[in-house]
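Just so it is clear, none of the values below were taken in a lab; they were calculated from the coordinates. Keep in mind the model is a prediction, meaning the values are calculated, not measured. Note that we place each Cβ from the backbone using ideal geometry, even for glycine, and neighbour counts take in every protein chain shown.
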Amino acid sequence: MGTGVGSGRKRSDSDTVVCTLDSTATRHFNRVPDKRYETSDFEVLRTVGTGSYSVVKLAIDKASGSPVVLKVMSKSLIIRKGQVEHIKNERAILALVKCQFIEQMKASFQTPISLFYVLEYIPGGELFKLLSDRSVLPEGEAVFYAAEIVCALRYLHSLKCVFRDLKPENVLIAADGHLKVADFGFAKVLRSEEKTFTLCGTPEYMAPEVIERGGHGLSTDWWQLGILIYEMLYATTPFTDPSPYQLYENIISKPVHYPTGSPVALSLLAGLLQKRHVDRFTEEEILKHPFFQTIDWTVAERKELRPPFVPQVTSPTDSSNFDTYNDSTQMGTAVYVDVFPEF
Ligand SMILES: Nc1ncnc2c1ncn2[C@@H]1O[C@H](COP(=O)(O)OP(=O)(O)O)[C@@H](O)[C@H]1O
Ligand SMILES: [Mg+2]
């Protein structure tokens, strides 16, 4: 068994492969927040998450008294790892999106050494934690989570935005039990019919066309939805292997093994996990698939489906649904201020 909920290990930093092969400019969106923030505007409480290039801290916005999270990224690390374009895409897309199934950015700013996003705090923890606690989900519950992710992806695809990093670690549960997709580090807005070529994402969730680098588009997200539904139902991903080389081989050529499951679940997974993206289910086929027969998509879009689980959140700053981290704060000399003028 590899990483993921079955192994209890999050696919974090080192599992995320990045190699920038294209520098195709993404359309630039500039929605400048009304207020410029600085770190003294916040009382930092504790770290609630970490990723490849970021630390995410729960904080209080002193002016409003509301909880927020600060996603903090080191400018030098981003530049050293060739992530400047990705971060600029992430900021532009976070500023653009307004959807109740997607985490909302309130502002961004920079200090001498770091870049910051100010994001709404989503206190229910990661879908990863729910899957780790429960191992597998009953199919009816998986239908709910899959449906809300479909709502988020449909919204993004309507903006021609490919998300590219769907996995339970990047899906958060709000206090009311509804989902919010987080982490736009690999998201990109495509020009009409454009394909993109960057090998990026989390290996177990990468689609064959991403690994083969022949160009990929929006349907790569539907492959990732297939892997996520598989993981919700079976507590593992279908191509997992300790060797990264073998993992990629499996994704490209190994047939999917389905341990159990209802015929409708297997039929949806078979349609999503088509190796050739042209054979994969389209959005339209997904919406009308019998796996989602209990879902009225208008009701789902209005966030009116009943969540199967409501997390325990005892106060607005309750962070008990997140792992604990060794907190540290670094300050230093100003660097690369000119590289990120949009922050
Ligand atoms: N808005 C949020 N509210 C609560 N926790 C969050 C929020 N955004 C991110 N996190 C936590 O921080 C982790 C890392 O954030 P993410 O945006 O995924 O960073 P990275 O791009 O480095 O993976 C997430 O997996 C989640 O646990
Ligand atoms: Mg992440």
Check: Any idea what the dipole of the chain comes to, in debye rounded to 20, about its Cα centre with Lys/Arg Cβ at +1 and Asp/Glu Cβ at -1?
Finding: 520 debye
Note to self: Just to confirm the number: angle between the C-alpha axis of helix 219-234 and the first principal axis of the chain, 0 to 90 degrees, nearest 10?
What the structure shows: 80 degrees
Notebook entry, point to check: Mind listing the Cα extents of the chain along all three principal axes, in Å, largest one first?
Noted result: 56, 45, 38
Check: Mind listing the phi-derived Karplus ³J(HN,Hα) values for region 204-217, rounded to whole Hz, using 6.51, -1.76 and 1.60 with θ = phi - 60°, and x for any glycine or proline?
Finding: 4, 9, 6, 7, x, 5, 6, 5, 6, 6, x, x, 9, x
Note to self: Cut-off under 16 Å on the C-alpha distance; same-chain residues fewer than 8 positions from residue 288 excluded. Which aspartates and glutamates are left, in chain and number order?
What the structure shows: 148, 296, 301
Notebook entry, point to check: Counting Lys and Arg as +1 and Asp and Glu as -1, each charge on the Cβ, what is the dipole of region 24-120 about the Cα centre in debye, to the nearest 20?
Noted result: 260 debye
Check: In terms of the Cα gyration tensor, with a ≥ b ≥ c the square roots of its eigenvalues, is region 127-301 rounded because a/c is under 1.5, prolate because a/b exceeds b/c, or oblate?
Finding: rounded
Next item on the list: Report the semi-axes of the equivalent ellipsoid for region 245-343 in whole Å, largest first, where each axis is √(5λ) for an eigenvalue λ of the Cα gyration tensor.
Entry: 38, 26, 19
Check: Say a site is exposed when it is one of the GluC sites (Glu not before Pro), sits in a DSSP loop, and has at most 14 other Cβ atoms within 10 Å; what is then the longest site-free stretch of the chain?
Finding: 39-192
Check: Is region 24-120 best put as rounded, prolate or oblate by its Cα gyration tensor, with a ≥ b ≥ c the root eigenvalues, rounded for a/c under 1.5, and otherwise prolate when a/b is larger than b/c, oblate when not?
Finding: oblate
